[in-house]
Amino acid sequence: MIKTEWIPFPLFSLSPIFKRSPDITKARATKSEQLLRIDDHDFTMRPGFGGPAVPVGVDVQVESLDAISEVDMDFTMTLYLRHYWKDDRLSFKSNTNQSMTFDGRLVKKIWVPDMFFVHSKKSFTHDTTTDNVMLRVYPDGKVLYSLRVTVTAMCSMDLSRFPLDTQTCSLEIESYAYTDDDLMLYWKEGNRSLNTDERISLSQFLIQEFHTTTKLAFYSSTGWYNRLYINFTLRRHIFFFLLQTYFPATLMVMLSWVSFWIDRRAVPARVPLGITTVLTMSTIITGVNASMPRVSYIKAVDVYLWISFVFVFLSVIEYAAVNYLSTLQERKERKLREKVGLPCTCGIAHPGMMSDCYSEVDVNTTGNYGMPEENGMRRERMLVELAMESDQMTGHVGSRAYSSIWIDTHAIDKYSRVIFPGSYILFNIIYWSIYS
């Protein structure tokens, strides 16, 4: 009889063994890297190292021109920057001859041109929702590398014609490490390599032109480099400054002329009017310069505002001259009358300046006062009769001499009514013909 022995076997060995499923994403990435043979090459060196310079074509799509600052003398631009080159190390076999597109993760594993923006103050690559970077590889090894960038760069502005100026700014692109012996940078399709959005507009400027140029830049310590330029021309809108600066300044100058039609005896009316216009012009000048850089040359708006300020200031000086000359005439008249013992009529021509003897005097008692002249203008005239004993002078006792004194300080106001407006109109004609 044969005995059978049962050997215990672990129950868990009967249960099926499950394998961990592979990560599909990682598997695809690994296949792509194997297809491009990334691990087989040293991508820290440029394509064709030791040979001729690698050509790198560039084209740009300008998305927006965000801001122009005269104070900081810079501009901010958002653009799509695209690079084109050929790297045989990335060629692969494809039956359909279709390209492969990757995001920014593969960019860190291969060679890409080391572009930077010359004279840039700050720049960044957009990263919402992911890094705005695209890499496209073709079977023959051609590569398209595109990224979305916002850059703030310097723009040297000449403000001598501000605000009637036209500014030209440039965004400069250059390789940081590779000289023209290693990397030949060029615009892919010449001037057509630069495209702009038709909706680009600025509040203060009219964009007149975009164009491209290429130059060589030399650094004494490293050598020659290819440099690409994106040039754009901006013409400033003048209407805002007409409303905010030129029209108020012109109105203040015209307001200062009102004093020429106010009676020169009305000191409380003419003096505050002159002071008010002077202070207002000072406020306008200060407000304009507060929003401008402190340049060492004279701007076009400075010429207009300061000459306008001079006109306003001269209108105040004009009244001071009228007041002073009237006072001198009054003193002379008073001395003459005190000399001959005649009553005071100093108030006829210019009362209220130095004495309070002004009264309405009949024309018959004042000679030809108020008589119109041949040109139709009315002048103030006072005939002063002087009785002088001149035995030694004429040899006749009791002879009477007559003298006429013309008091015509009011004519300064009359001439100012014509000279001031005429001069200011002539200045405006010359100014706008030069700067416009």
Inset, instruction - Treat each spin label as a single point 7 Å out from the Cα along the C-beta direction, and report the Lys339 to Trp224 distance in nm. - result: 9.2 nm
Inset, instruction - Over segment 38-236, average the accessible area per residue using a 1.4 Å probe and give it in Å², no decimals. - result: 52 Å²
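Rounded to the nearest 20 Debye, what is the dipole magnitude of segment 38-236 about its Cα centre when Lys and Arg each give +1 and Asp and Glu each give -1 at the C-beta?
The calculated dipole for segment 38-236 is roughly 280 debye.
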Inset, instruction - At 0.36 nm per residue, minus the direct Cα-Cα distance, what do Leu216 and Asp114 gain on full extension? Give it in nm, one decimal, please. - result: 35.0 nm
Legend entry - Per-pair calculated FRET efficiency, R0 = 35 Å: Ser203 and Thr128 via Cβ, rounded to 0.05: 0.85
Inset, instruction - Determine the distance separating the Cα centre of segment 142-203 from the Cα centre of segment 299-330; give it in Å without decimals. - result: 51 Å
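Any chance you could list the semi-axes, whole Å, largest first, of the equivalent ellipsoid that the Cα gyration tensor gives for segment 83-195, using √(5λ)?
Working: eigenvalues 232, 54, 38 Å².
Ellipsoid half-lengths, sorted descending, are 34, 16, 14 Å.
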Inset, instruction - Report the calculated FRET efficiency for Ser433 and Asp39 (r = Cβ-Cβ distance, R0 = 60 Å), to the nearest 0.05. - result: 0.25
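Of Lys93, Lys215, which has the most accessible area and how do the rest follow, probe 1.4 Å? Each step should come with its number before you reach the end.
On the way: Lys93 190, Lys215 115 Å².
Listed by decreasing accessible area, they come as Lys93, Lys215.
Lysine pairs in segment 38-236 8 or more apart or on different chains: how many have alpha carbons under 14 angstrom apart? Before the final figure, lay out each step's value.
On the way: Lys86/Lys142; Lys86/Lys188; Lys93/Lys142; Lys142/Lys188.
Eligible lysine pairs with Cα atoms under 14 Å apart amount to 4.
Could you tally the net charge around Arg235, taking each other residue with its Cβ under 13 Å from the Cβ of Arg235, Lys/Arg +1 and Asp/Glu -1?
Once all neighbours under 13 Å are counted, the net charge is 0.
By how many nm would the segment from Ile317 to Met73 lengthen if fully extended, with 0.36 nm per residue of separation less the alpha-carbon distance?
Values: separation 244, 0.36 × 244 = 87.84 nm, distance 4.03 nm.
83.8 nm is the gain from fully extending Ile317 to Met73.
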Legend entry - Filtered trypsin sites (Lys or Arg not before Pro), segment 240-322: DSSP coil and at most 13 other beta carbons within 10 Å: Arg294
Legend entry - Most positive-pole-ward Cα, Ser120, Pro163, Ile38, against dipole of segment 38-236 from beta carbon charges: Ile38
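Nearest 0.05, what FRET efficiency do Ser64 and Arg417 give at R0 = 35 Å with Cβ-Cβ as r?
Details: r = 54 Å, r/R0 = 1.54.
Plugging the Cβ-Cβ distance into 1/(1 + (r/R0)^6) gives 0.05.
The values are calculated or read from the model by the stated rules, or taken from the named source; none is laboratory data. Here the structure is a predicted model, which means the values were calculated and not measured. When we count neighbours, we look across all protein chains shown, and the Cβ atoms used for this are built from the backbone with ideal geometry, even at glycine. Accessible surface is based on the protein model in full, side chains and every heavy atom, while ligands, DNA and RNA are left aside. Shrake-Rupley method; radii C 1.70, N 1.55, O 1.52, S 1.80 Å.
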